[in-house]
Every structure is written in C-alpha cells, then in structure tokens.
1. Just one of (i) 27.3, 91; (ii) 26.2, 87; (iii) 24.0, 80 is Rg and Dmax of the Cα atoms in Å calculated from these coordinates, so which is it?
2. With a 1.4 Å probe and every protein chain kept in, tell me what percent of the accessible surface of the chain is carbon plus sulfur.
3. Using modelled amide H (1.01 Å from N, peptide plane; none on Pro or chain starts), what sits under 5 Å from the amide H of L85, excluding residues fewer than 5 places away?
4. Specify which residue in the list L458, A39, L60 is farthest towards the positive end of the charge dipole of the chain, using unit charges on the beta carbon of Lys, Arg (+1) and Asp, Glu (-1), about the Cα centre.
5. In straight Cα distance, which aspartates and glutamates are under 16 Å from K289, not counting same-chain residues fewer than 8 positions off?
6. What is the magnitude of the charge dipole of the stretch 85-181 about its Cα centre, with +1 placed on the Cβ of each Lys and Arg, -1 on the Cβ of each Asp and Glu, and no other charges, expressed in debye to the nearest 20?
7. How much solvent-accessible surface does E356 expose, in Å² to the nearest 10, with a 1.4 Å probe and all protein chains in place?
8. May I ask you to give the solvent-accessible area per residue for the stretch 363-509, in square angstrom, as obtained with a 1.4 angstrom probe?
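The values are calculated or read from the model by the stated rules, or taken from the named source; none is laboratory data. Keep in mind the model is a prediction, meaning the values are calculated, not measured. With ideal geometry, Cβ positions are generated from the backbone for all residues, glycine too; neighbour counts draw on all protein chains shown. Heads up: the accessible areas ignore ligands, DNA and RNA and are worked out on the full protein's heavy atoms, side chains in. Shrake-Rupley method; radii C 1.70, N 1.55, O 1.52, S 1.80 Å.
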Amino acid sequence: MASILEPSKPSFFPAMTKIVGTLGPKSRSIETISSCLKAGMSVARFDFSWGDTKFHQETLENLRMAIKSTKKPCAVMLDTVGPELQVVNKTEHPISLEAETLVILTPNQEKDATSNLLPINFSGLSKAVKTGDTIFIGQYLFTGSETTSVWLEVNEVKEEDVVCLIKNSATLSGSLFTLHVSQIRIDLPTLSDKDKEVISTWGLRNNIDFLSLSYTRCAEDIRHAREYLSKLGDLHQTQIFAKIENSEGLTHFDEILQEADGIILSRGNLGIDLPPEKVFLFQKTAVYKCNMAGKPAVITRVVDSMTDNLRPTRAEATDVANAVLDGSDAIILGAETLRGLYPVDTISTVGKICAESEKVSNQDLYFKKTVRHVGEPMSHLESIASSAVRAAIKVKASVIICFTSSGRAARLIAKYRPTMPVISVVIPRLKTNQLRWTLTGSFEARQSLIVRGLFPMLADPRHPAESTSATSDSILKIALDHGKASGMVKSHDRVVVCQKVGDDSVVKIIELED
C-alpha cells in the first residue's frame, strides 16, 4: 500500500505495451505528431472511414518528418472502411430524433435527412431485418453516449424502406453516422471496392506495415485480403490484423486467429452486438487465445472520456490496466487522438497506466501457462525463446538482445512476456528476383512496433545474421551501445543474447564491465 503513494519512477521508454494513435484533424501537425511519438506512440493509424487520400497523405508526410526529427520509429496502419452501414446527411444540419416517434430508413440517398426520414447507403436492409430487431445509429465510433446516438426498434418493413420506433431522444450532427444492426449478417464484401482503391493507391505508395481489416467475419476474409495484397509490389509483406466487430467474427474467432497476423478487438461495435455483461468475457478469452498463439492482441475504446477531458474516468484507468494484465500487446486510441482535445496527454496517460500494471503482472504464472500450452516436444525455436526468457529472469538481466532476420525469433521471445525489454536486432537480407536486388528488413523491424516489449533496431546489412563470432560481436556492441544510449543498459548489468552462430542457436549471458 505504501508503494502506491510513492511517485512513479521515470524510465527510458513509456511502457512495454504499445500505443497505436489514430492521426486526424487534431493530431496531424509535425509538432503534435512529434510530441505523440515522444509520449509513446509507436504505430500511427490512418482511418479511411472519413477523410480523402490527399488529407491522409499530407498527414503521413508530416509523420515522416516527425520520425526524422525525433528519431523515434513508427509503423503505419491503414484501417479499412469495410461493410460499414452509414446514414448519409448531405445537408450536414443537426437532426433531432424524438423518443417514441417513428423514423423511416430509406436506401434512396437522393432524399435529405430529416427527423422522420434517414437515407442510408445499403439497399438490402429491408431484406436483412425483421420486426422487433434492434438498430443502433451512432456518431463517430460507438461510445454508448446517449446524447449522440440513438436506439431504434424495427416496427415494419415497407418494400425497401424500414420503419422504426425511436427508443431515446438524441441529436445527430455531422455528415455521416454509423448504423449497426445487432446480430444480423450484412451481405457486403469485407474488402469493399473503395478499400481496394485506397490500398492499391495510397497503401502501395506508402508501403503500409499493417492492414486493419474492418468487420472480419471469417478466415476467408483474411485469405481474400492477403491474395489481394500479394499482387501489389511490396505489400505482400504487409501484416493483416483482423478487426473483430460483431458476433459473426466472434463465432469464427479460432479460424480467423489462425489466418491473421494479429487481432484487433473492436469493443465499440462488439459492445452493441453483445449484451454488455458479456463483453469482458470475450475480451479475456480472445486475448488469452492470441497470447498462446503468439500473435498480437490489440484493444480499442479505452479512454473515450479523454476526447474532451484531461483525465480518464476511474473506470477507464482501471480498464486500461486490466487490458494489460489480461495480456494485450497494444492499445488503439481512436477519437481520443483523432479529434480529441488532448492527444499527447492521452498517449502519455495511457502509457503511464500500462507501465504501472506491467510492474505487477504475474510473469511467473504467465510463463508456466504458455509453456504448458505449447506442450512437448517443443519446436527448436520455441525452446530457445523460452530458455532465453527463463535465463533472463533468473539472472535479472536488464535486457534481452535477439538477432533475427524475419522477426520471428524476437516475436517468440516476446510471446513469453519477459519482464525486461527485448532489443530485436533485425539483420537485413539481400533478395533478388533475377531482375533487381532488394534489401529486406525495414518492414520486419517496423512490424515489431506493435508487439509488447519488442524494441527494434536495423543492423548494418553488411553483417549477415548467421556468421562468424567476430562480425556478430561487432553488431552486439552496436546493440549494447544503443541500449546504453536509450538508458536500457548500464555498467555491471547482465544481458541475455539470443543468436545464430552457424547452424546453432545460442543463448548466452554476458555481464557488462564499466
């Protein structure tokens, strides 16, 4: 109890848990992005549900300048729109909806939105719903705040129109609102034509590191997206994160997890598809499954109130801590950084809460659970990774250094959740397709920026990963110098090194001199 009152000790990195910040109107200047990077953002998310490619390109150019000036690496995530149903308000006049009155949802987008008529972008709604179904219309992503969102109950279906009873009074302001029908299959492709256009132009031009696939409903959605990316230059290296947003994605969760590179638990939409008392259960189960599979689990909608306030609510602060204790790799900030008044403070606050909860997470129990889940006999790499973590904890190492070219070895070490940071030294590889030579490595380095506890650095390509001890010693020295400069390592610390020498994988413990 006494330790709670002691001030938190500052450390060189805000937290082991990563923070994904969504860049938008309130967070797109070079100055603000630089502050976000310094505060702990390691992945920048570009949400294409709004804004055009020109707007996002300008923001990305600013991000690149900020990365250069702060020397803080940052990965890029493109978030697709997916089969999102929307109410279209061309006039942008606020619309007041009165409880206990009727409103018609019509696919005729030529009509203006009024208090009793709302045009929508989907003509199949009348076929998908029946009397008594619940429809939710919300401003931005669903916060559950009842002044800007409305619950409707389907009263009757008239040809293509759906007549609904309004359950609560609310005012909708803005040009677009999202519409969500609970537990209904929407017959639209997961990767829409608009998404494909954005990926093949903006995504390809900027070599995106992550594709966040909205409304992933089954493993086939991931396979389809991967096939699409494989035809677009370097985007075959882009990792696909499945965004689980409805009960259909939840039903097929295991097969989606097998196919995806990571999972985003979109709690805003899920919280509407599921009864509120079931949301925590899905979160804990899904994060556990991601942890055991060694794939990043990312949580959304954590500190909504910080969109307008400088401090989170008590419940939100506890929620962030619990997400970390459950085993989340990263936390996505949406509206809080996109249009919130305090983007930098939000990142900094979330980072501090993550750091505090990491100090008290039960690593020992987690380690045993993971080893038990992997079972025996372990694969060669799995055995090396778990041994490196066990050794680092036993000798109280200040850091683990892992040499890797694909990033897989470093991710496996992170899977066992060591209590100390892992410097992932990515050794670039020269590849050729008989027409040109390319150097790989930067994708792999940036993609570890979403994995809890991994801190990447790119080595000099002249040093091969599997080599004689002399060259690897020189890379080790560079890695240690990097660790010292960033405050991770100091004199007399112990460091665990995981590398390949020839055909052998080696875990060694070194003690640093002055």
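1. (iii)
2. Numbers: 12430 of 23230 Å².
The computed percentage sits at 54.
3. Long-range HN contacts for L85: L179.
4. Value computed over the given set: L458.
5. In chain and number order, the partners are D254, E255, E259, D261, D326, D329.
6. Working: 6 positive and 12 negative charges, 37 e Å.
For the stretch 85-181, the charge dipole is close to 180 debye.
7. Per-residue accessible area (E356): approximately 80 Å².
8. Working: 7240 Å² over 147 residues.
Accessible surface, normalised per residue, equals 49 Å².
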